[in-house]
């Protein structure tokens, strides 16, 4: 597979506070939600710390809950957010 995709990444709750509302990211064609997360983690800094493996982070693709194996398409919207807790 060759080519690149551009996806919109949105952050919510504590992730939004640290990383901002969102950004546009270019990634290899055929990428998944998980490989996008790994790309963001590889940046280091706050992205690396907050999205690191082992941290509880939920994902949505096109506003529907998704697992990290979901394949991305050009123009997709991916959201990352911490698990919701109630009390």
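Computed from the coordinates by the stated procedures, all read-outs in this text should not be read as laboratory data. This one's a predicted model, so the numbers in the text were calculated from it and none came from an experiment. Reconstructed Cβ throughout: ideal geometry from the backbone, glycine too, with neighbour counts over all protein chains shown.
Run the numbers for residue 49 and residue 13: contour at 0.36 nm per residue of separation, minus the present Cα-Cα distance, in nm. Present the calculation step by step, with values, prior to reporting the outcome.
Values: separation 36, 0.36 × 36 = 12.96 nm, distance 1.55 nm.
Additional length available on full extension: 11.4 nm.
Compute the relative contact order of the chain as a whole-number percentage, counting only Cα pairs closer than 8 Å that sit 6 or more residues apart in sequence.
Details: 157 pairs, mean separation 33.0, N = 87.
Computed over the chain, the figure is 38 percent.
Quick one: work out the % antiparallel among DSSP beta bridges in segment 4-81, nearest 5. Please report the intermediate quantities before stating the final value.
On the way: 14 of 18 bridges.
The antiparallel fraction comes to roughly 80 percent.
With the contact rule set at Cα under 8 Å and sequence spacing of 6 or more, what percent relative contact order holds for segment 2-50?
Details: 49 pairs, mean separation 16.8, N = 49.
Averaging sequence separation for qualifying contacts and normalising by length gives 34 percent for segment 2-50.
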* **Two-site label geometry, residue 74 and residue 4: point separation in nm, points 7 Å out along Cα→Cβ** => 1.3
* Structure fact -> For 62-68, 8-14, 21-27, 32-38, ranked highest to lowest by mean beta-carbon neighbours within 10 Å, the order is 32-38, 8-14, 21-27, 62-68
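Dividing the convex hull volume of the alpha carbon atoms of the chain by its residue count, what do you get in Å³ per residue? Walk me through the numbers before you get to the answer.
Working: hull volume 8.3 nm³, N = 87.
Taking the convex hull of the Cα positions in the chain, it is 95 Å³ per residue.
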